[in-house]
Every structure is written in structure tokens, then in C-alpha cells.
1. Can you tell me how many residues within the range 1-39 are within 13 Å of the ligand (Cβ to nearest atom), of a type outside the set (A, V, I, L, M, F, W, C) and within 16 Å of Ile69 (Cα to Cα)?
2. Considering only residues that are more than 23 Å from Ser100 (Cβ to Cβ), part of a loop (DSSP other than H, G, I, E, B) and open to solvent by 10 Å² or more (accessible area, probe 1.4 Å), which ones fall in the range 40-88?
3. What number of residues within the range 93-110 are more than 10 Å from the ligand (Cβ to nearest atom) and either aliphatic (A, V, I, L, M) or without any contact (Cβ under 8 Å) to a residue 40 or more places away in the chain (or both)?
4. Among (1) part of a helix (DSSP H, G or I); (2) modelled with pLDDT under 95; (3) closer than 14 Å to Gly74 by Cα, there is one condition Asn13 misses while meeting the rest; what is its number?
5. Anything in the range 17-39 that is open to solvent by less than 80 Å² (accessible area, probe 1.4 Å) and more than 21 Å from Met55 (Cβ to Cβ)? List them, or say none.
6. Return the residues of the range 110-139 that are within 13 Å of the chain's Cα centre (by Cα), assigned to a loop (DSSP other than H, G, I, E, B) and among the β-branched types (Val, Ile, Thr); say none if nothing qualifies.
7. Can you run down the residue pairs with Cβ atoms below 6 Å, 6 or more apart or on separate chains, where the first is in the range 70-82 and under 16 Å from His60 (Cβ atoms) and the partner is open to solvent by less than 10 Å² (accessible area, probe 1.4 Å) and near the ligand (Cβ under 8 Å from one of its atoms)?
Amino acid sequence: MKKIQIINGPNLNLLGKREPTVYGNASFEGYLERLRERYPQCEISYYQSNIEGEMINKIHEIGFTYDGIVLNAGAYTHTSIALRDAIKAVTTPVVEVHISNVHARESFRHVSMISAVCVGVIAGFGLDSYRLAIESFLG
Ligand code: DQA
């Protein structure tokens with residue numbers, strides 16, 4: 001059984017309510033149920049925090065034992081050297097995901113502090129970005 005951890009960062013607890021034209025109408029909880037049904041061969045854990053240090057603590061906690069981390073760091077993607085250092089510090093591979101195509105949006109979203117220390121980046125496929133990241137750990 002592969003152990004996959006999904007980590008969602010700030011404001012992603014509001015999925016379904018937040019800017020639906022950008023992030024869609026679906027809540028993450030409903031989507032997560034479908035993901036777990038689709039990948040019974042994976043144990044998919046989920047963690048969301050609006051607090052940078054809590055996200056770092058979660059990466060430290062599971063980052064030496066899990067098979068993969070799917071990380072949507074939200075706006076911390078564009079600012080957080082501390083998150084980048086945490087990703088670099090652990091052995092579990094991290095895939096950076098974004099629901100929206102950050103490269104088609106404001107220029108400050110074109111910069112990522114974490115891409116270079118992740119195994120890859122998936123952006124712009126809506127919630128399906130998370131599924132594509134999980135697929136990358138199964139291959
Ligand atoms: C996001 C893109 C970020 O720029 C933004 O700050 C988010 C969500 C995405 O999933 O598209 O909070 O990571």
C-alpha cells in the first residue's frame with residue numbers, strides 16, 4: 001500500500017466557496033472521497049493548514065516514511081523559502097500542484113520558491129491536478 005500525503009495550504013479550506021470561477025464549485029472533501037475510491041491501492045492522507053509552520057511540521061512528520069507528498073502550498077508557493085527548505089530536508093518526493101494555471105495569471109504567481117526542489121509541477125487542470133500528481137507516484 002503506497003502512502004501518499006496531500007497537503008493543502010492557505011485558503012484552500014474554502015474550495016467550493018472561494019473564487020469559483022478560478023477554483024471551481026467542488027469542495028475538497030468530496031473530491032478526496034472520489035480519489036480514495038479510485039486509488040484503493042493507496043492510503044491517501046489529507047492535511048490542510050493556513051499556517052506556514054504547521055505545513056512545515058507536517059512535512060517533517062511524514063517526510064521520511066511516506067511514498068509521496070502532493071503539495072498545493074497556495075500563496076506560500078510564491079514566497080516561502082522555509083517551505084522550500086523543508087521539502088529539501090526530507091526524503092519523500094514532493095509534487096507541486098496548483099488547481100489554476102498560475103502561468104496564465106498575475107506575474108507574481110509565475111514565480112515558485114518550491115518548484116526546483118520538487119520532483120515536478122502540475123498546474124491548471126482544476127482538482128484533477130491532484131489526481132495527476134498521484135498518478136506520478138504510481139508509475
Ligand atoms: C493556487 C495558486 C496560488 O497562486 C494561489 O495563491 C492559491 C491557489 C492554485 O491551486 O491554483 O491559493 O495554488
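The values are calculated or read from the model by the stated rules, or taken from the named source; none is laboratory data. None of these values were measured; they are calculated from a predicted model. Here the Cβ is made from the backbone with ideal geometry for all residues, glycine too, and neighbour counts use every protein chain on show. For the accessible areas, the whole protein counts, side chains as well, though only heavy atoms, and no ligand, DNA or RNA atoms are used. Shrake-Rupley method; radii C 1.70, N 1.55, O 1.52, S 1.80 Å.
1. 2
2. Once the filter is applied, which keeps residues that are more than 23 Å from Ser100 (Cβ to Cβ), part of a loop (DSSP other than H, G, I, E, B) and open to solvent by 10 Å² or more (accessible area, probe 1.4 Å), the range 40-88 yields Pro40, Gln41, Phe64, Thr65, Tyr66, Asp67.
3. The total comes to 5.
4. Going through the list (1) part of a helix (DSSP H, G or I); (2) modelled with pLDDT under 95; (3) closer than 14 Å to Gly74 by Cα, Asn13 breaks only (2).
5. Selection gives Pro20, Val22, Gly24, Ala26, Gly30, Tyr39.
6. The answer is Ile114, Val119.
7. From the range 70-82, the pairs are Ala73/Gly9; Tyr76/Gly9.
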